[in-house]
Amino acid sequence: MQSGMETLSTLANGAGTYAAGALAHDGEAHAATGVSTYAWLLVALPLLGAAVLMIGGRRTEKFGPLLATALSWGAFVVGAIVYISMLGRPTGDRPVNLYLFDWVAAGSFKVSAGMLLDQLSLVFVLLITFVGSLIHVYSLGYMKHDPDKQRFFAYLNLFVASMLLLVLANSYLLLYVGWEGVGLASYLLIGFWQYNPAFATAGNKAFVMNRVGDFGLSIGIFIMFFHFGAVDFSTVFAGAQAVGGVNQGFMTAIGLMLLLAACGKSAQFPLQAWLGDAMAGPTPVSALIHAATMVTAGVYLVVRSGPIFDATPNAQLAVAIVGAFTLIFGAIVGCAKDDLKKALAASTMSQIGYMMLAAGLGPIGYAFAIFHLLTHGFFKAGMFLGAGSVMHGMNNQVDMRRFGGMWAVMKITWVTFGLGFLAIIGLPIFSGFWSKDKIIEAAFVGEGWRPWVFGLVAMIGAGITAFYMSRLFFMTFHGKRRWTDDVHPHESPLTMTIPMMVLAVGSAFLGIILGPTGIITGWLDPVFGVDEAVEEHPVMPATVIMVVTLVLVLAGAALAWLRYLRDEVPVVAPTGSLVTQAARQDLYQDQINEGAFMRPGLHLTRSLVFLDSKGIDGAAGGLAAMVGGSSSRLRKLQNGFARSYALTMLAGVVAILGAVWVIS
Amino acid sequence: MTEMSSVPWLTIMGLIPLVGSLVVAFTPGSALMAKRLALGFSLVTLVVGIVAALQFQINSPKQFQLGEQAAWIPQFGVSYALGVDGIALVLILMSLVLTPICLIAAWNDVPEEAKESGGSRNVRTYFALLLVLETFMVGVFAATDVFLFYAFFEAMLIPIYFLIGRFGGARRQYAAMKFLLFSLAGGLIMLVAVIGLYLQGPGGTDGFLIERLTGLSMDPTTERLLFVGFFIAFAIKAPMVPFHTWLPDAATESTPATATLLVGVLDKVGTFGMIRFCLQLFPEASHWATPVVVTLAVISVIYGALLAIAQTDMMRLISYTSVSHFGFIVLGIFAFTNVGSAGSTLYMVNHGFSTAALFLFAAMLIHRRGSKRIPDYGGWQSVTPALAGIFLVAAMSALALPGLSTFVSEFLVLVGTFPTWPAAAVIATSGIILAALYMLLMYKKIMTGPPPSDVIGERALARLSASEQEQPEHARRSLVPDLSAREKLLAAPLIAVILVLGFYPNLALNPINPAVDKSLSHVLTTPAAGNAAAEGSSK
């Protein structure tokens, strides 16, 4: 590779092949002014809360949770102010770049810490701080009696800070900090009740599988630096545009590596196996991190990296395939789960599959991916909080076969959960309808086999979603009471139900406010450079798509009604068909991972230990014995060591100096 | 090449701990007095080090600053010459910060004995040896004369040998001997190379100065032989696979403070030597050896990590993580890019603090439990929550969590290696997955799970009512305290450095960058082997 000085010094300086593209690029985002210069507070406020609670420990037991909640709302206020100031600017002037300080400068690798405040990041800021703060409030009630609650709130604040850093960073390196920061928070919160070994294992599993994704993110950044000479968004995107839409090997490599990262964080195939186990965490965590925000970070990464994927159709297609596959995978698993939270987790995986699919469709899908992410953030978080409320009243049971008829005892939970349910199955008027329908429609756009495969998968997925969500809803809230004798379910306190009501309102109306009015596309499309004048038509008329989808949804719901409401639900799960059994086992994802990686890995590390002590160390020991003449001499050397050593040293130095003197 | 200083800062920095060690060793008095004196001397050294660092000019045209030079053995060309560039400066500062922390950690390592059996003598010897070590650490990084460097390189072995052999664990004699034999073997090979190098140089009364020996035109075979002589010594010290097997034994058997200084500082002399001597003095041979070195480095990264995963002894596990981390450092150095070398240098600094945190925090657990075996733990988060917290920070630092200092250096090494050795960089990057495994599995086995049945923490005890405390299941549990004031005192600066250098790594990178440029300039302007031959034949 290094055949000469010129090549080597060029390489050494990391001067990218396409770095020149950056020069022609005049920078889309202006420098931040006014209130935007205080956007760093978004990260600083919750981070401060996390630091105070962690260092203060149990001294903060009284005021800590309230402080954390207040700081999270504080971040929301800052976000809202920045958002309002952005609204006041014309579209072209909306994105601003906030330079903070020179962060890393080593040789030609220079990265400054900075924030990109544009329409995309602000959507996320509002979602994260609003839903995050609501869940802080909910946790005040949910975690009231936990002796370690200040630690819980510290982690929650740490999560909010990291997540905001992830979406606000203006370079891939700083994004990486937020990216693993949310992973850390997720790890800590999944294993929050660490005395349960299974929970601790679930935390480890999540972290390690995410690290496989981070491996991809790292490699992706290396390639970017090599070719573009920098890792900040504006340089990389300008470089990607300079490359153009030609399939270049390295662009595809970057795209696939970013996709790997996204798969880890967003629990997409083949890195999906951690999400179900992650339900070990307290339920507010499942709502915030493993439904509304963190797991959607992969979608953010792909959409944010739009210019890269636009330049590599192959990687973009891979995104769509992964999304389509996972959406069916999650839906199938969701049909067989009796654990309320795990069924919701499978549903999350499937819904993120929809978002990935949309993101893999290119610019026509980006805004819809984010739109669905937003509505999903509301309805899924709402349903998780509802699940938490049910568990609260049922002594932390999660087996839906032991629920039933809850509607009568928990009216608020029933109604709020019900609105989320109607939203996710995509009943017209409710939020999910507007966002999911758009994705299905967009999936039918294109040429050749793609629109048919992606479109039909998305459409069938909607039917399965309706089935498993109806199953879940009926088994929990309707039908006969199949409760165990020791439970006395009751409605949860207001600190818990108010956040549920707020999210339910979002589940009901957010879609109709943002979707048909064109607000969300109008807001986001400038970021993606989508020309709204050009309209792409699906291979089937949009009304046909909508009607067929609705029929499938109603069929799915009707089937669930037949099996789980009209027929009695047995308390013990029937054996079921082979497909059901496979789905209960998450389609054997854990068995495959164990057979392919864990067991061989265990054997490898064990045999290496043997090799190291017997082989390498043995050889070194043998060599030493040989040098020493015999092992007995070695022992002698050891005994009178100090003297021998000094003498040897002295003799050596004298001999050498003598030799030098003779030679010179 | 060297900017002379009117005040001999480096000599003062080295002398203070040396004087301190004599004072500690020979002043009669209580053990506490000796400890306080030792800590005092190390803190004064740190202050002098900071004052000296403030005199350092980042953009000086000369390679070395704060220079001092005096003839030592002029007949043989040996000078007492000291000076630092940015690389040496940050490593010296790291050593000066770590020494007082280690002294605090060593506070109760050695018991004070009854008067008739020596009283405080053991304690005084132990602390005096640690201070002597500090003198040599300053000397070895500051030496700008190759022979002087060699002298410090070998002399360091003596205090370490006694620190392991006298104050270590049950198999301390074996470990000390093993350490010594490995090091001596490397040292002797290097000695031959040092002399051989002198003979290639211009000679004269200061013929061992680095500046006299830089840029020599040597016969390629000679240059390669000399390179190998230096490199093997450094690879043993670093330690690289397959020369690493002394480290787990030495680190496990020595006291935690010794282990920290051994792995955190002394092993850095190996990687420091690679930049300073191998790359600068033998640029052509460095190119020639790179494929082998890079391969060994990648093997070290993966092999060390895999072995760490399978360890059941905490100290051995931490030692193997260091084998993995040293693989990263060597990889960055031999990538021959400014980014990679700057990353490796920063890695040396960050690894010092990160590994200190791991060793010292693990020692706090071992002190409480009386066992190094990981299976003897479980559920300790509920016993010592604060200790669990700082242990988690150390673990996160070891797995290079973004936001902490170690992430920046590891990333720089890899992003700097990728342009020249993409495959090596990609394979080494998979080390981040293995790092998550070895750290989190250890944390899980030690800290999580049901609370242990024989011990109870202060907080857990306070939560029990009086009648519950009477219950036999609780009554037979012994109370284990959480972090003491002394432990907080040593943990706080370590964690602070790990956080600060993660938030603002330029603090260390600013002096490192120009030094790396100068050190690498020889390798970067020397054509690789094949090219040199081609050019030669065309002439």
Evaluation of A:GLY334 against (1) crowded, with 24+ Cβ neighbours inside 10 Å; (2) in contact with a Gly (Cβ under 7 Å, 6 or more places away or on another chain) (one fails), failing number: (2)
Pairs where the first residue, in the stretch B:294-317, is within 9 Å of chain A (Cβ to nearest Cβ) and the second is outside any helix (DSSP H, G or I) and buried (at least 23 other Cβ atoms within 10 Å of the Cβ), C-beta under 7 Å, 6+ apart: B:TYR303/B:VAL241
Residues (β-branched (Val, Ile, Thr) and assigned to a helix (DSSP H, G or I)) located in the stretch B:4-55: B:THR11, B:ILE12, B:ILE16, B:VAL19, B:VAL23, B:VAL24, B:VAL44, B:THR45, B:VAL47, B:VAL48, B:ILE50, B:VAL51
From A:GLY418, A:GLY432, A:GLY388, residue being touching a Pro at 6+ places or on another chain (Cβ under 9 Å), in a helix (DSSP H, G or I) and of a type outside the set (Lys, Arg): A:GLY388
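From the list A:ALA70, A:ALA113, A:ALA50, exactly one residue is crowded, with 19+ Cβ neighbours inside 10 Å, in a helix (DSSP H, G or I), at negative phi and not β-branched (Val, Ile, Thr). Which is it? Spell out the reasoning first.
On the way: A:ALA70 fails: crowded, with 19+ Cβ neighbours inside 10 Å; A:ALA113 fails: in a helix (DSSP H, G or I).
Of the residues listed, the single one that is crowded, with 19+ Cβ neighbours inside 10 Å, in a helix (DSSP H, G or I), at negative phi and not β-branched (Val, Ile, Thr) is A:ALA50.
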Residue check for A:SER218: away from chain B (no Cβ under 13 Å) and on the phi < 0 side of the Ramachandran plot: no
Residue count, the stretch B:457-512 (criterion: out of contact with any helix residue (DSSP H, G or I) (no Cβ under 8 Å at 6 or more places or on another chain) and of a type in the set (A, V, I, L, M, F, W, C)): 7
Candidate set: the stretch A:32-79, residues that are in contact with a strand residue (DSSP E or B) (Cβ under 6 Å, 6 or more places away or on another chain) and among the aliphatic types (A, V, I, L, M); chosen: the one nearest to A:LYS144 (Cα to Cα): A:ALA39
Of all residues making up the stretch B:357-375, the number that are touching a Lys or Arg at 6+ places or on another chain (Cβ under 9 Å) and farther than 13 Å from B:GLU487 by Cα: 4
Test set (1) of a type in the set (Phe, Trp, Tyr); (2) over 30 Å from B:LEU213 (Cα atoms); (3) touching a residue at least 24 places away in the same chain (Cβ under 8 Å) - B:TYR161 fails condition number: (3)
Search result, residues across the stretch A:179-208 that are closer than 23 Å to A:VAL111 by Cβ and within 8 Å of chain B (Cβ to nearest Cβ): A:TRP179, A:GLU180, A:GLY181, A:LEU184
Only listed residue being of a type in the set (A, V, I, L, M), in a helix (DSSP H, G or I), closer than 27 Å to B:ILE366 by Cβ and at the interface with another protein chain (Cβ under 8 Å from one of its Cβ atoms), chosen from B:LEU440, B:LEU494, B:LEU499: B:LEU440
Residues (more than 24 Å from B:VAL123 (Cβ to Cβ) and more than 8 Å from chain A (Cβ to nearest Cβ)) located in the stretch B:155-177: B:TYR174
Tabulated pairs, the stretch B:353-382, first within 14 Å of another protein chain (Cβ to nearest Cβ), second surrounded by fewer than 23 Cβ atoms within 10 Å (Cβ to Cβ) and of a type in the set (Phe, Trp, Tyr), C-beta under 8 angstrom, 6+ apart or interchain: B:GLY379/A:TYR195; B:GLN381/A:TYR195; B:SER382/A:TYR195
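Condition (residue is among the acidic types (Asp, Glu), in contact (Cβ under 8 Å) with a residue 12 or more places away in the chain and under 21 Å from B:ALA460 (Cα atoms)) applied to the stretch A:177-185: is it met by at least one residue? Write out each step before concluding.
Looking only at the stretch A:177-185, we keep the residues that are among the acidic types (Asp, Glu), and these are A:180.
Those still in the list that are in contact (Cβ under 8 Å) with a residue 12 or more places away in the chain too: A:180.
Okay, now just the ones that are also under 21 Å from B:ALA460 (Cα atoms), so none.
Within the stretch A:177-185 (the criterion being among the acidic types (Asp, Glu), in contact (Cβ under 8 Å) with a residue 12 or more places away in the chain and under 21 Å from B:ALA460 (Cα atoms)), the answer is no, since none of the residues qualifies.
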Filter result for A:TYR172 (more than 9 Å from chain B (Cβ to nearest Cβ), among the hydroxyl-bearing types (Ser, Thr, Tyr), touching a strand residue (DSSP E or B) at 6+ places or on another chain (Cβ under 8 Å) and in contact (Cβ under 8 Å) with a residue 60 or more places away in the chain): yes
Unmet requirement for A:SER234, which otherwise passes all of (1) within 16 Å of A:ASP310 (Cβ to Cβ); (2) surrounded by 24 or more Cβ atoms within 10 Å (Cβ to Cβ); (3) touching a Leu at 6+ places or on another chain (Cβ under 9 Å): (2)
Selection within the stretch A:53-80 - within 14 Å of chain B (Cβ to nearest Cβ) and out of contact with any Pro (no Cβ under 8 Å at 6 or more places or on another chain): A:LEU53, A:MET54, A:ILE55, A:GLY56, A:ARG58, A:ARG59, A:THR60, A:GLU61
Residue in the stretch B:262-273 that is in contact with a strand residue (DSSP E or B) (Cβ under 8 Å, 6 or more places away or on another chain) and closer than 27 Å to B:MET364 by Cβ present: no
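If you go through the stretch A:134-148 one residue at a time, how many are crowded, with 24+ Cβ neighbours inside 10 Å and at pLDDT 90 or above? Don't jump to the end; show me each part of the working.
Of all residues in the stretch A:134-148, those crowded, with 24+ Cβ neighbours inside 10 Å come to A:134-136, A:138-139, A:142.
Narrowing the set further to residues that are at pLDDT 90 or above leaves A:134-136, A:138-139.
Qualifying residue count for the region: 5.
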Subset of the stretch B:26-52 [within 30 Å of B:SER521 (Cβ to Cβ) and buried (at least 18 other Cβ atoms within 10 Å of the Cβ)]: B:GLY49, B:ALA52
Some residue of the stretch A:243-253 being touching a helix residue (DSSP H, G or I) at 6+ places or on another chain (Cβ under 6 Å), assigned to a helix (DSSP H, G or I), closer than 23 Å to A:LEU587 by Cα and free of Cβ contacts under 8 Å to residues at least 60 places away in the same chain: no
Where A:HIS145 falls short, out of the listed (1) touching a helix residue (DSSP H, G or I) at 6+ places or on another chain (Cβ under 8 Å); (2) more than 10 Å from chain B (Cβ to nearest Cβ); (3) closer than 24 Å to A:ARG59 by Cα: (1)
So B:PHE127, is it surrounded by fewer than 23 Cβ atoms within 10 Å (Cβ to Cβ) and more than 18 Å from the chain's Cα centre (by Cα): no
In the stretch A:83-110, the residues that are crowded, with 22+ Cβ neighbours inside 10 Å and under 21 Å from A:LEU175 (Cβ atoms): A:PRO95, A:VAL96, A:VAL104, A:ALA106, A:PHE109
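The values are calculated or read from the model by the stated rules, or taken from the named source; none is laboratory data. Here the structure is a predicted model, which means the values were calculated and not measured. Positions of Cβ are backbone-derived with ideal geometry, glycine not excepted, and every protein chain shown enters the neighbour counts.
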